[in-house]
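This report refers to the structure that appears directly beneath it.
Throughout, read-outs are computed from the coordinates displayed, never taken from laboratory work. Only a predicted model underlies this, so the values are computations on that prediction, with no experimental measurement involved. With ideal geometry, Cβ positions are generated from the backbone for all residues, glycine too; neighbour counts draw on all protein chains shown.
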Amino acid sequence: MKKIFIPVIITLAVLTLLLSTKTKEKVSESETKELHEKHQSSEVVAQQKITSLVNERGGETVIPQIIFRSGNLEFSLLFGDNVEFEIQKLITEDILLLYGHLDIHLKNLDNSTSFLVGKSLVGSKQKIDFLGPGRYLPSEVRELFGYVAELNDKRYIIISDELVQAYRDAKIFSQKHRSAFDNLSQFLDMMNDLENADIPKLNEIFYFDESAAQYKDYFVEGGKKEKFIKEYGGLRYKKPSIFDTKEGHSFSKSFFKKYGSKLITKVYVFDDSGTLKDGSPPFIYDNGKWKLLIYIPGT
């Protein structure tokens, strides 16, 4: 049985002890604020960071201490002491999926702000701007992630209690719909390897909204698997964030609300240059299977 170790990400209690024994030195004003390091595809970055540390620890499950690095600047995640290991791991992997492919720019805030982290209030005077194409960030994360605290001469991205609770709620939701989330991984694997996949009948892959009903003959009755592979086989789907799967009525986009409690996953694809695009139909969970939701935008 693999051992589960306490995460190496620094928590507030440890930092408090460090700060009581060492005087904080002023950071050099000449230190660069521009961070323009290109990252690999986001899901690859996440897997490599987790895997490399697992290998270093001989199979033990740990979490990367440095989440972003550029030049001589490094950023770790700052959790409260009350955040359990599995949630820390979930947040770390999801943050890498969402932000790992973007460039970063550290900016000073006009007004400092504070966040509750565990039982302590942590202040921030800087925030990371994430730049570049493919900034498809869930609303649950967009406004809360990226604030930086400098503690003991190190930079930490604050993981506030509010953000932690959002991930706890998302995890509960995924557990409530465990079969759908498990099947989503299998459906993504199939879509990313259509040439070698055991493709079901096309009428089990497509779900037609009433706005696109006239195209059913083209996609299904008159379609062939070879044509399907040709049209969709060139796409490389990014693993979705845990926040990208919701019940239809929970989406801010009014069109999806019509599907009520049906699960819908917003997905994104990489083009030939590796740029993340919003270029695929969303997935919808229907009768125990994920399908491509075909609809006419604006209807």
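The slack in the chain from R135 to K257, taken as 0.36 nm per residue of separation less the alpha-carbon distance, amounts to 41.6 nm.
Rounded to the nearest Hz, the phi-derived 3J(HN,Hα) couplings of segment 118-123 under the Karplus curve 6.51 cos²θ - 1.76 cosθ + 1.60 (θ = phi - 60°) are x, 9, 10, 9, 10, x, where x marks glycine and proline. Dipole check for segment 194-299: with +1 at the C-beta of Lys and Arg, -1 at the C-beta of Asp and Glu, and the Cα centre as origin, the magnitude is about 260 Debye.
Close amide H contacts of L235 (hydrogens built in the peptide plane, cut-off under 5 Å, sequence separation of 5 or more or a different chain): none are found. Annotation: extensible slack from D153 through H249 equals 30.0 nm (criterion: 0.36 nm per residue apart, minus Cα-Cα distance). Set the Förster distance to 45 Å, then compute FRET efficiency between N72 and D272 from the Cβ-Cβ distance, nearest 0.05. That pair, N72 with D272, gives E of 0.85. Residue by residue, segment 88-102 carries 3J(HN,Hα) couplings of 4, 5, 4, 5, 4, 5, 6, 4, 5, 5, 7, 10, x, 9, 9 Hz when phi is fed to the Karplus relation 6.51 cos²θ - 1.76 cosθ + 1.60 (θ = phi - 60°); x denotes Gly or Pro. Length gained on full extension, Q126 to I296: 57.0 nm, using 0.36 nm per residue less the C-alpha separation.
The residues neighbouring Y136, those whose beta-carbon lies less than 11 Å from its own, together hold a net charge of +3 under the Lys/Arg +1, Asp/Glu -1 convention. Think of segment 177-294 as having a plus end and a minus end, set by charges on the Cβ of Lys, Arg, Asp and Glu; of F283, Y215, I242, I242 sits farthest toward the positive end of this dipole. Taking the Cα atoms of segment 180-248, the ratio Rg/Rh between the radius of gyration and the Kirkwood radius comes to 0.98. A simple packing score, the average count of other Cβ atoms within 10 Å per residue, orders the peptides 199-206, 235-242, 261-268 as 235-242, 261-268, 199-206, with the highest score first. Using the Cβ-Cβ distance between I229 and E162 with R0 set to 51 Å, the FRET efficiency works out to roughly 0.70.
What the Cα convex hull of segment 177-294 gives, in volume per residue, is 109 Å³. Rounded to the nearest whole angstrom, the semi-axes of the ellipsoid equivalent to segment 242-299, taken from the Cα gyration tensor as √(5λ), stand at 21, 13, 11, largest first. Using the count of nearby Cβ atoms within 10 Å as a rough guide to exposure, how do I66, I104 rank from fewest to most? Going from least to most buried by this count: I66, I104. About the centre of its Cα atoms, segment 109-243 shows a dipole size close to 340 debye [charges on the beta carbon of Lys, Arg (+1) and Asp, Glu (-1) only; nearest 20 debye]. Between amide H atoms placed 1.01 Å from N, distances below 5 Å from F68 occur with F75, all of them 5 or more places distant or on a separate chain.
Computed over the alpha carbons of segment 64-121, Rg followed by Dmax gives 13.3, 35 Å.
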